[in-house]
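Here the structure is laid out as structure tokens; the discussion comes afterwards.
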Amino acid sequence: MSASTFGSGIRRREDPRLITGSASYTDDIVLPGMLHAAMLRSPYAHARIESIDTAAAAAASGVVAVYTGTDTEGEIAPAPCAWLLPDSGLKIADYHCIAKDTVRYVGDIVAVVVAESRYEAYDALDLIEVDYDPLDAVVEPKQSAAEGAPQLHDEIEGNQAFHWTVTGGGDIGEAFENADVVVKETIVQQRLIPNAMETRAALASYTPATGELTLWNTTQNPHIVRFLCSLVAGVPEDRLRVIAPEVGGGFGSKIAVYPADFVTVFCSKKLGAPVKWAETRSENYQATTHGRDHVQEIELAATKDGKIVGLRATVWAGMGAYLSTAAPGIPTILHGLMLSGVYDIPAIHEDVYGLYTNTTPVEAYRGAGRPEATFMVERLVDLLAAEIGLDPVEVRRRNFIPKFDDGHDVVTGLTYDSGNYDGALAKLLDKAGYDQLRAEQAAAREQGRHIGLGLSTYVEICGLGPSQVAGAIGFQGGLWESAILRFHPSGKVHVMIGASPHGQGEETTFAQIVAGELGVSPDDVKVIHGDTDNTPMGWGTYGSRTTAVGGAALALAARKIRDKAKVIAAHLLEAAVEDMEYDDGKFFVKGSPDSSKTIQDIALMANVAWNMPEGVEAGLEATSFYDPPNFVFPYGAHLAVVEIDPETGHVTLVRYVAVDDCGPQINPVIVEGQVHGGIVQGIGQALWEEGVYDEDGQLLTGTMLDYALPRADRLPNIEVHSTVTPSPHHPLGVKGIGEAGTIASTAAVYNAVIDALQPFGVEGVNMPLTPERVWRSIQEAQGRN
Amino acid sequence: MFAPEFDYYRAGSVAEARELLDAHPDSTVLAGGHSLIPILKLRLAAPAALIDIGRIDALRGIASDGSTIRIGALTTHAEIAASDLLKGKAAALPEAAGQIGDPAVRNRGTIGGNVAHADPASDLPAVLACLGAAFVIEGADGERRVSAPDFFQGLMTTAVGEDEILTGVELSEAGDGEASAYSKFAHPASRYAVIGTAAKVGLSDGVCTSARVVVGGLVPAPVRAGAVEQALVGQAVTTELIAEASRKVGDSLDDDDLLGDVYASAGYRKASAHAWVRGALSAAVARAG
Ligand SMILES: Cc1cc2nc3c(=O)[nH]c(=O)nc-3n(C[C@H](O)[C@H](O)[C@H](O)COP(=O)(O)OP(=O)(O)OC[C@H]3O[C@@H](n4cnc5c(N)ncnc54)[C@H](O)[C@@H]3O)c2cc1C
């Protein structure tokens, strides 16, 4: 019974506490004598600070302290960028936790008020007088690169943070010169605001007597926070404890270490009291990292039969006013290296310019670089199909990398692990009834109705590791994970992991891994995470790596336990180890399964240690460190069906069918949930979401009243299917599934809308595909014709 | 997201509410709070005192004397959306109320607060203007009734004076062969109306005997689409006629007044408004016929 729970859709154990409101988030934690911090943030996107007068605020009721950049100078270092992209001329501007003399985006911290209550802290913010001298701002990446653009950082010429290139395969110039067909497009990957349900917060508690500091923080990676916070705020790593309590989603926005967190730590150290800061939703929109923000000029060269011969692109990636912790790696390593997609492309070249703009810094956002890559490739393939008059399915088939199960090299330098791209597409077409849909589309067109079908066949890179690669690509950390698996005398299990799930469901799936490996009930396994004082080192939960890397560490720890248990069982049964067999939690001598020792029996005997075999240590516990030999590469094929109303430009998403392959599924219900959520976020980019700044750098979509998140009633029932292709190098064969949906769905929906608009001769339309944009594209096309 | 400090008073009756308003300069009425509280939290307003009328039961409820329906100012959107009386006799109103925001908003937000706030993107002003509602206002000089064009005076301004309270709205029941409908293009984030159109028509033997069409969302205050109405009255109603008449909505929209934003420009709203007019008219005609 127990082993079978690996692979079954048992309920998420996380949910009862989450949906009954008994979970405890950072802002729920209350400490005796706790003070409250509020950040004064710049209302200007670019300005010199002429003077700051804090006297009235400092004298206000309940106010304990007011600090500005002068106070933090030398006390806390600038917020670090920790992805030092090599060979890119990377220039990192100092990101002062409290701005010194210049503010560079609306939301840059100018001062902090610490008060006895949150209300008093916010009231006092209004009393701080700052004299700003406004400067010109630039908000769009390509404009930031232009001659004469306002300059953000004195020492960084042309606002250029880096220029990164990837070149692979044959000569790209020749590929384009000799091609029969070239298709081109300019794509704006608009800026997105992550919108985790819980906004960011930090509670710092410093004990002067011991020099110890505990930081409760809304983070996806407490161990990274501990490491970087120790460097920035000067609390030695051994005295710093970082706790990620319940964390209400992140989607990448809780990877970075943030100025406000360090300022909170500073305040606590300075005042010797616990200090809490929790952002409001409007503050979250301004100060928590955004995602995407590329302008992409892309082109594809092919033969007249639709065989791709080259792909070339230039990308201007807006980085925001400063480089967030992992930002430089996202539009480059996680993007450019994936430009071959699921296709055999013999020559690829991309230039990526990272540009400072007077906007909120960008970071990873679900998919992080891969959605932007998939979109480029999938758009180009559709353009090619339209250009040569082939069905998009056929063009894809002519270019797919053939089925492989143990490694395939693409020209960008990656080795994909395993894939059967045509297999996923074939299943999709079958499940969706593609031919029938095309017939319906044709019939609808006859009646003046406009239905569109959009495909997206994708592969993505996740399970971030190996560490050796991390070093080579400038990531200032490791990319391994570790797990401790401990049996208690009664046979119950604790798992301590360094990864830090925050909604994904690994407390459930990791218990299922243990169940699968050791035959215990998942109910007997508690998964402990998110506290640097009682979990082993880990590099965090992002990049769909928790199961792919942390899950592997856990499986290996379980296998160590099994080996040790077998030795103990042999001893207890007075048999030779070689004669022992294991099946579903029981150890027995070959041929006599009736006289067996359960893993629980052995846990008890190992813990009391009355009768251990010679040379075997007491206890039943194992630690494992897993540094993956390669990334994992989940893939799939998605289809969106839309209908548009040409009169108003409204788009209705009629159907959405997905086939994803993440290898064996530990819990198919959780996989489906991840696929749903991921798809919906990608649809959000295609149809609704956009962080808009005006030319002065004011965030026009500054609240949920303006920033349109996907809503259930605008979405069809998502049809989820899968194929199963194990990763050859992962102990469980599993690949990540957290981001796949997002990586695939934006392109599928976009392609469907363009397909629907085909009779009008519409060219490119910027995302999100709002009614007005779609309507205007039709008007413009009609004007041209 | 933290309101500035204010005093709070709860009124037990309309008279008491008026006294409190009078006694406290710079005070504001609080009903469902779903427009006022966000404004306070964003610190866009800082009244010295809030006078909470939310528990004055006399201001709640929907009743008809057989020809006039009276809706108390505190009646919630959810109550309106669920009212069988209104569904039968003033269908556009529950139809619009049911599309406001989300369930939480509909359970707290009130019809009085909605129209007193007079956000141009609100749904109810256009509907009530279309239905010819009288707004009942109580002030120092007693009760007075004001109808739509005079009640909505422009962007977020109404005929309700500083020390006055809106106690309710009154509508005539739809007669035989009369019906109304509401059609809305909801903003994908806020759900407020980008374009909202209410239509009420009278039909006799397939001929339009009366028509009233009011658009909201893209104008500071509800606007009557006279040209659309004229194109319908006296004509045999067909799908083509409705489509053709709807296209005349632009004639009633003054370009200088039109509202637009990052999501939908004024020009686009104007150009596509006819589709929502057509939607409301078609539904009203279907109900009336
Ligand atoms: C998320 C969200 C979505 C929304 N979506 C929509 C939508 O799609 N369509 C729509 O139409 N509305 C929408 N609303 C607004 C909602 O309908 C509000 O409830 C309504 O506009 C105000 O009603 P209230 O009772 O909450 O008023 P309050 O917020 O309490 O008051 C609003 C204003 O009216 C005044 N006032 C209230 N009652 C009276 C009275 N009886 N006499 C005099 N003055 C009074 C107050 O002083 C205040 O100035 C939305 C609101 C939210 C928060």
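Here, each number is a calculation from the coordinates, and none is a lab measurement. None of these values were measured; they are calculated from a predicted model. Note: ideal-geometry Cβ built from the backbone for every residue, glycine included; neighbour counts use all protein chains shown.
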Subject >> Sorted by Cβ neighbour density within 10 Å, fewest at the top, the residues B:SER272, B:SER180 >> reply: B:SER272, B:SER180
Original post:
If eta is 0.692 mPa s and T is 37 °C, what Stokes-Einstein diffusion coefficient results for the stretch A:2-83, Kirkwood Rh from Cα pairs, in µm²/s?
Top reply: 175
**OP:** Could you count how many Lys pairs in chain B have their Cα atoms under 29 Å apart, skipping same-chain pairs fewer than 8 positions apart?
**Re:** 13
Original post:
Picking from A:GLY306, A:PRO150, A:ALA23, whose Cα lies most toward the positive end of the charge dipole for chain A (charges on Cβ: Lys, Arg +1; Asp, Glu -1)?
Top reply: A:ALA23
Subject >> Qualifying trypsin sites (Lys or Arg not before Pro) in the stretch A:300-361, DSSP loop, other Cβ atoms within 10 Å at most 13 >> reply: A:LYS304
Subject >> Ratio Rg/Rh [Cα only; Rh per Kirkwood] for the stretch B:64-171 >> reply: 0.94
Original post:
With point charges of +1 on the Cβ of Lys and Arg and -1 on the Cβ of Asp and Glu, referenced to the Cα centre of the stretch B:7-51, which listed residue (B:GLY32, B:LEU21, B:PRO47) lies farthest in the positive direction of the dipole?
Top reply: B:GLY32
Original post:
If packing is taken as the mean number of other Cβ atoms within 10 Å per residue, what is the order of B:44-56, A:634-646, highest first?
Top reply: A:634-646, B:44-56
Original post:
For the stretch A:370-495, with only Lys/Arg (+1) and Asp/Glu (-1) charged at the beta-carbon, what is the dipole magnitude about the Cα centre, in debye rounded to 20?
Top reply: 420
**OP:** Pop the C-beta distance of A:ASP713 and A:ASP584 into the FRET formula with R0 = 51 Å and round what comes out to the nearest 0.05.
**Re:** 0.65
Subject >> FRET efficiency estimate (nearest 0.05) - Cβ-Cβ, B:THR209 to B:ASP150, R0 30 angstrom >> reply: 0.70
**OP:** Please give the contour-minus-distance gain from A:GLU780 to A:GLU394: 0.36 nm per residue of separation, less the Cα-Cα distance, rounded to one decimal in nm.
**Re:** 136.0 nm
Subject >> Principal-axis tilt of helix B:14-23 within chain B, Cα atoms, nearest 10 degrees >> reply: 60
Original post:
Order of A:764-770, A:457-463, B:84-90 by packing, highest average Cβ count within 10 Å first?
Top reply: A:457-463, A:764-770, B:84-90
**OP:** Please report, in debye to the nearest 20, how large the charge dipole of chain B is about its Cα centre when each Lys and Arg carries +1 at its beta carbon and each Asp and Glu carries -1 there.
**Re:** 920
Subject >> Charge-dipole axis of the protein assembly as shown as Lys and Arg at +1 and Asp and Glu at -1 on Cβ define it, positive-most pick from B:SER183, A:ALA99, A:ALA622 >> reply: A:ALA622
Subject >> 13 Å cut-off, amide nitrogen to a point 7 angstrom out along A:ASP94 Cα→Cβ, residues in the stretch A:114-143 >> reply: none
**OP:** Would you work out the charge dipole size for the stretch B:7-51 about its Cα centre, treating the Cβ of every Lys and Arg as +1 and the Cβ of every Asp and Glu as -1, and quote it to the nearest 20 debye?
**Re:** 260
Original post:
Contour minus end-to-end for A:GLU174 and A:ASP533, with contour as 0.36 nm per residue of separation and end-to-end as the Cα-Cα distance?
Top reply: 123.5 nm
Original post:
Can you give the FRET efficiency for A:VAL608 and A:LYS526, using 1/(1 + (r/R0)^6), R0 = 35 Å, r = Cβ-Cβ distance, to the nearest 0.05?
Top reply: 0.95
Original post:
Arranged from highest to lowest average of other beta-carbon atoms within 10 Å per residue, in what order do the peptides A:516-526, A:477-487 appear?
Top reply: A:477-487, A:516-526
Subject >> Separation in nanometres of the label points that stand 7 Å from Cα toward Cβ, at B:ALA58 and A:THR210 >> reply: 6.4
Original post:
Cross-link list A:LYS184/A:LYS254; A:LYS91/A:LYS254; A:LYS403/A:LYS566; A:LYS492/A:LYS590; A:LYS526/A:LYS597: which exceed 29 angstrom alpha carbon to alpha carbon?
Top reply: A:LYS184/A:LYS254; A:LYS403/A:LYS566
Subject >> Helix-only mean residue ellipticity at 222 nm for the protein assembly as shown, each DSSP H run of n ≥ 4 adding -39500 (n - 2.57), per residue, nearest 500 >> reply: -8500 deg cm²/dmol
**OP:** Give the angle, between 0 and 90 degrees and rounded to the nearest 10, that separates the Cα long axis of helix B:266-288 from the longest principal axis of the Cα atoms of chain B.
**Re:** 80
**OP:** Per residue of B:263-272, count partner chain C-beta atoms within 10 Å of its C-beta, then hand back the mean as an integer.
**Re:** 5
